[in-house]
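Undergrad: Take a look at this one; I'll ask things after.
The values are calculated or read from the model by the stated rules, or taken from the named source; none is laboratory data. The structure displayed is predicted, hence computed values, not measured ones. Every residue, glycine as well, gets a Cβ built from its backbone with ideal geometry; the counts of neighbours run over all protein chains shown. Side chains are part of the model used for accessible areas, which takes the heavy atoms of the whole protein and leaves out ligands, DNA and RNA. Shrake-Rupley method; radii C 1.70, N 1.55, O 1.52, S 1.80 Å.
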Amino acid sequence: MSCRAAPWGRPSLPGGRPFPDWARQRGPFGGLNVWRTSILKNPWRLGGTPMKFGLPSRLFRLMASSSSGDGVFSRPTSTDEGPMPIYSWPDKQRPRVCILGGGFGGLYTALRLESLVWPNDKKPQVMLVDQSDRFVFKPMLYELLSGEVDVWEIAPSFAELLKNTSVQFVKDSVKLLRPSDHFRRDSGGSCTGGVVHLESGTVIEYDWLVLALGAEAKIDVVPGSAEYAIPFTTLDDALKVESQLKMLERRRFGKNSPDIQVAIVGLGYSGVELAATISERLKNKGTVQAINVQTTICPSAPPGNRDAALKVLESRNIQLFLGYFVNCIREASASEDSSNMVTDAKEVNGDHKKLLLELQPAQRGIQSQVLEADMVLWTVGSTSQIPRLQPPDAPYVIPLNGRGQVETEETLQVKGHPRTFAIGDSAALRDPSGKLLPATAQVAFQQADFAGWNLWAAINDRPLLPFRFQNLGEMMTLGRSDAAITASFIEGLTLEGPLGHAARKIVYCLRMPTDEHRVKVGISWLTKTAVDSLASLQNVVANSFPSPDPATNRSPPAMDPDSEVAFDFQPYLCQYKSGRIFRPGGDPTVPAGTDPVTGVVSRDIHAGDARARVYLPPGAAVSTEKLPVVVYFHGGGFVTGSPARPSTHAYLNDLVARSGAIGVSVYYRLAPENPLPAAYEDAWAAVRWAATRGDGADPWLLDHADLSRLFLAGCSAGANIAHNMAVRCGGGALPDGVTLRGLVVVHPYFTGKEAVGGEAAFGPDVREFFDRTWRFVFPETSGLDDPRVNPFVDGAARAAAAAIPCERVQVCVAEQDVLLKERGLWYYRELKASGYGGEVELFESKGVGHAFHFVGMADSDQAVELLERNVAFIKK
């Protein structure tokens, strides 16, 4: 797996909560080199308006600090040229180290510097800059598609990893490099190393620089590739692939549809691992078409790994097109689309179109081909970021090779730049034979260790060590319980299958960035492995009983009730006949407290007979302003989730901070252990608790709540609960002085016996699925015509919905929410037609699926847009 830092995209404009006092702008700057003062003459302005630093609306993460230093941004005093806010380091004497890129090379160098023993006056101030707020353990992105890992395990936040260090983290993108260490070759002198310009306009002056920016996927290779193909090098790429796979799987749910077709271009390590993972996931529901210009797979891999991979690929539903290159990618016309998807199904599922890949032979003797695909993944080619970061007036100040990589000395210092180091994909370092080192994770690991040590040596005037790469072997995943590992120190040994899979996960667990994260991930993986192993063992034992003899007409022996599935409610839950409940992924939780990013404070309380987590926005404790109250209900099919789930807790922190409202997130009892209507009763207890200011005893509600502005909100099953609580609020059920101002239903879970709108395209299996799952969570229900899940089923239900006692209702749907989008649109239409006297608003998130803002896309543009829409609804 290539070890590439995430691409540097343009950040959103500053907005939202201001920086803390220590990070505000302040007066004139000093200590700058004379050679560059001419470019730093103006105050920072945007569109003629002086700007203040602020956290972006994108979930308040422009700059996160793990220490309490007093580093600030200052600005020049003169006013005749471009905007240049200057970062002022906390200490004017200690060395300043700026690390660009938070991948394996950058983050591990920062942690290495932190672990070394320094003289008190020489311990450097370290700043780590990355365009994402998460470190990504890229060799395990494939496990996101197989469901083996959760996002938090392989993509922890930098704030979490660096919280016990003095390393400062800045979320921003690099715009320009201006090194000055080539003016003086004396590495022990007092001159600065140069400055870095960030996309936000900030300028960082440094003494030492580490280039660990990695490379970007080169996707614009052939006509149509940039438009239709998806790379697989970043967390966003992996989440996009996961979202598209889910969309394709849901589109074919309950229909007699053609197989899903996934084309993968390139069969190096990345392409092979993707092909193995996706083919295992699709099983007999789809086909993987793998294309490679060479006639073999993984040409640089050890023979053991290559043979193991080829054996797996040939055993699965994978078509290999070796010796071909892609000539172009284009959309299939109606006459070329062999899937013959019905028109109304397309209307339900979005305008998904088949793609055509035109293949040309790379050698004689084979014919051109045209492949049809639902999705194209591109795994070949990358491009360095360094060339576009060179100053325009000195485009060759940083020496590069033909690939755009930085030429370095053996010590990892950039040639001619003694205060600049380059590692990972950014560096063009050769082994003793003259061959460029590969862009792999283990190269970056080892270079980070040497870079940290050599920075220590250079700052302390000690000799630097030449880097020597030690190849420890190569690993690749081939599925949920399959992998191949070849160790270089044992010739001819390749671990395959479950043993190789277990060894690979152990190695990567030990390679996690910090001890704390290592322990968390290790416990999580061990728990999942134990549960999976126990289930597999039980199945093996159960299946080992002999089949019944037809001649004797004997009944088959009973299966172990603890391994025989009684109800499969994927992806949420599996119930066995013994009554045992298995929830995939467990139920991770985070404690209440003060959120370091937003400043929101939360605590868990008893709300009557229920429990809730209450959130207070920053600054409310010292303000006399009364605040609206939002009672929120989480989703999860009524069977999983809680306010303490990391994604739910983070969402409430952001919602409360942005809206300035008090949040009350409800712990309702979950089915099937506590079938409905238990969740409804807990939800109502929480609403009553909030409406009575915590039974007259909660200090936050007593001091800060404006109960004339009460809102109910929820997502999925939580949106269903929110609607039913709004109905229950009618008829004077709320205390005097309490006004339900608004209702927000996001991707609501409603259904019914009769299809509505585009649901007519669904097969009977879909309706049967809804009936089974609804009866599973609510055994005493009358079925899909229960008004609690079908709120306009008859006149009485329609009248109850029309009597919701609030001014406004906002209905949010997702374009690719295959199973529930139509029912959300139906709810919007029916509520408007019911005689409801308030305003009904509709908002649709484009290009995303059900509850996308909780499944790895919390920082996406669509998630930010949805959050801002709901914030505006509350503030209106």
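Undergrad: Residue by residue through the stretch 590-605, which ³J(HN,Hα) values in whole Hz follow from phi under the Karplus form 6.51 cos²θ - 1.76 cosθ + 1.60 (θ = phi - 60°), with glycine and proline marked x?
TA: 3J(HN,Hα) across the stretch 590-605, in whole Hz: 10, x, 6, x, 8, 6, x, 8, 9, x, 5, 10, 9, 8, 8, 9.
Undergrad: Using a cut-off of 18 Å between alpha-carbon atoms, which aspartates and glutamates can reach Lys123, once sequence neighbours fewer than 8 places away in the same chain are excluded?
TA: Asp70, Asp91, Glu114, Glu205, Asp207, Asp449, Asp461
Undergrad: Right, something else. What residues qualify as long-range amide H neighbours of Val744, i.e. H under 5 Å apart, gap of 5 or more or another chain, H built at 1.01 Å from N?
TA: Leu712, Ala713, Gly714, Gln810
Undergrad: If a/c stays under 1.5 just call it rounded; otherwise compare a/b with b/c (prolate if a/b is bigger, oblate if not). Do that for the stretch 579-692, with a ≥ b ≥ c from the square roots of the Cα gyration tensor eigenvalues.
TA: oblate
Undergrad: While we're here: What is the Cα radius of gyration of the stretch 601-875 over 2.2 N^0.38 Å, N being its residue count?
TA: Working it through for the stretch 601-875, the quotient is 0.95.
Undergrad: Carbon and sulfur atoms: what percent of the 1.4 Å accessible area of the stretch 114-155 do they account for?
TA: 49 percent
Undergrad: Jot down the per residue volume, in cubic angstrom and as a whole number, of the convex hull over the alpha-carbon atoms of the stretch 694-816.
TA: 141 Å³
Undergrad: Step through the residues of the stretch 570-577 one at a time and calculate ³J(HN,Hα) from phi using the Karplus curve (6.51 cos²θ - 1.76 cosθ + 1.60, θ = phi - 60°), rounding each to whole Hz and writing x for Gly and Pro.
TA: Couplings: 6, x, 8, 7, 9, 10, 9, 5 Hz.
Undergrad: Could you state the accessible area per residue of the stretch 601-875 in Å², with a 1.4 Å probe and every protein chain left in place?
TA: Counting only protein heavy atoms, the per-residue value for the stretch 601-875 is 33 Å².
Undergrad: Right, next: Hey, how many Å between the Cα centroid of the stretch 699-753 and the Cα centroid of the stretch 825-876?
TA: Between the Cα centre of the stretch 699-753 and that of the stretch 825-876, the gap is 16 Å.
Undergrad: Could you tell me what percent of the accessible area of the stretch 601-875 is made up of carbon and sulfur, with a 1.4 Å probe and every protein chain present?
TA: Reported share for carbon and sulfur atoms: 50 percent.
Undergrad: Consider a paramagnetic label point 7 Å from the Cα of Ser115 along Cα→Cβ; state which residues of the stretch 476-508 have an amide N under 20 Å from it.
TA: It comes to 505-508, nothing else.
Undergrad: Just to confirm my numbers, what's the Cα centroid distance between the stretch 614-677 and the stretch 102-161 in Å?
TA: The distance from the Cα centre of the stretch 614-677 to that of the stretch 102-161 comes to 30 Å.
Undergrad: Less than 14 Å apart at the alpha-carbon level, and either on another chain or at least 8 residues along: which aspartates and glutamates does that give for Lys218?
TA: Glu227, Asp237, Asp425
Undergrad: If the chain between Glu564 and Phe843 were fully stretched, how many nm would it gain, using 0.36 nm times the residue separation less the Cα-Cα distance?
TA: Additional length available on full extension: 96.2 nm.
Undergrad: Something else about it: Run the 1.4 Å probe and let me know the accessible area of Lys311, rounded to the nearest 10 Å².
TA: About 120 Å², rounded to the nearest 10.
Undergrad: Another question, if that's okay. What does the highest-first list of 123-135, 293-305, 818-830 look like by mean Cβ count within 10 Å?
TA: Highest-to-lowest ranking by the protection proxy: 123-135, 818-830, 293-305.
Undergrad: Something else: Ordering Thr379, Thr598 by accessible area with a probe of 1.4 Å, largest first, what comes out?
TA: Thr379, Thr598
Undergrad: Restricting to bridges with both residues inside the stretch 601-875, how much of the DSSP beta-bridge set is antiparallel, in percent to the nearest 5?
TA: 30 percent
Undergrad: Would you grab the residues whose amide H sits under 5 Å from the one on Ala705? Only those 5+ places off in sequence or on another chain, please, with H modelled 1.01 Å from N.
TA: Excluding prolines and chain starts, which carry no amide H, the hits are Leu627.
Undergrad: Over 22 Å between Cα atoms: which of Lys240/Lys520; Lys138/Lys354; Lys821/Lys846 fall into that group?
TA: Lys240/Lys520; Lys138/Lys354
Undergrad: Which of Lys122/Lys171; Lys175/Lys415; Lys832/Lys876 have a Cα-Cα distance over 24 Å?
TA: Beyond 24 Å between Cα atoms: Lys122/Lys171.
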